[in-house]
Amino acid sequence: MRVRRYLLTGLASILPLGATIFIIWFLVKNLGNILAGMIRLFPFMSRMPDIVLTIMGFFLLLVILIAVGAVAESLLGRWTFRLIEASFKRLPLIRSVYTPAKQLTDALFVDRKSLKRVVIVEYPRKGIYSIGFVTLEEEIPIKGRSKGYLIFVPSTPNPTTGWLILVPKRDIIPTPLSVDEGIRLIISGGIVYSDKLKV
């Protein structure tokens, strides 16, 4: 019994650490590879091991994102981004992609008030359950059925893409999860699990 207790204690101690390392490495590997190829173009960097280039690419991407964020919050940056946004909205094809992408990104990372609550729905078919967010508290009439809600079902691990579905009210399962908890669950691919989640 003591060996079993030690084993369970060891698992409880290692699993959170392992999950954290896995998530961090997943982000470093996937985001770092975006710029790793660019770094490899420099002759003195081409002989570096791939893992070193990936880590360098990740930190370079962080620096770029921080720099862009700092510029975007400045007076000149806000004016510049508003000008770029206005230009994009004038172009028919680009506008149809940029506008919903901007609204979704703002909803997830800037103004999360547009995501009302976390729910569970049977999607993409009966017997398969998905985590979703109610995006509009207003009930929408469904022909021949009761009213329903618009539900955004994000993809994992990138919640900026997903599916918008209209679900009858009676088919929506509420959860006690906060929006932040729901987003963490999606981004982690279920690794950051909450005991509150029950179907």
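Each value in this text was obtained by applying a stated rule to the coordinates, not by laboratory testing. Worth saying up front: this structure is predicted, and the values here are computed from it rather than measured. Cβ: placed from backbone, ideal geometry, glycine included. Neighbour counts: every protein chain shown.
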What shape does region 113-187 have by the C-alpha gyration tensor, where a ≥ b ≥ c are the square roots of the eigenvalues, rounded means a/c under 1.5, and otherwise prolate means a/b greater than b/c and oblate the rest? prolate
Let me know the charge dipole size of the chain about its Cα centre in debye, to the nearest 20, where only the beta-carbon of Lys, Arg (+1) and Asp, Glu (-1) is charged. 440
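Going down the table (116/169; 29/89; 126/147; 126/169; 102/147), which pairs top 24 Å between alpha carbons?
Numbers: 116/169 15 Å; 29/89 34 Å; 126/147 19 Å; 126/169 16 Å; 102/147 28 Å.
Cα-Cα > 24 Å for 29/89; 102/147; rest within.
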Mean Cα-pair separation over length for the chain, i.e. relative contact order, pairs under 8 Å, 6 or more apart, %: 12
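Can you list the DSSP H helices in the chain whose Cα atoms extend at least 18 Å along the helix axis and whose mean Kyte-Doolittle hydropathy is 0.0 or higher?
TM-like helix candidates: 2-40, 50-73.
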Restricting to Cα pairs under 8 Å and 6 or more apart, the percent relative contact order of region 113-187 works out to 31
What does the C-alpha gyration tensor say about the overall shape of region 2-110? Classify as rounded when a/c is under 1.5, otherwise prolate if a/b is larger than b/c, or oblate. oblate
Sites excluded, chymotrypsin sites (Phe, Trp or Tyr not before Pro) in DSSP loops with at most 15 other C-beta within 10 Å, longest stretch of the chain: 45-192
Set Lys and Arg Cβ to +1 and Asp and Glu Cβ to -1, take the dipole of the chain about its Cα centre, and tell me which of 98, 190, 61 lies farthest positive. 190
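Regarding the chain, what's the average projected area of the Cα-atom convex hull, expressed in nm²? Could you put the intermediate results ahead of the total?
Working: hull surface 72.0 nm².
The orientation-averaged projected area of the Cα hull of the chain comes to 18.0 nm².
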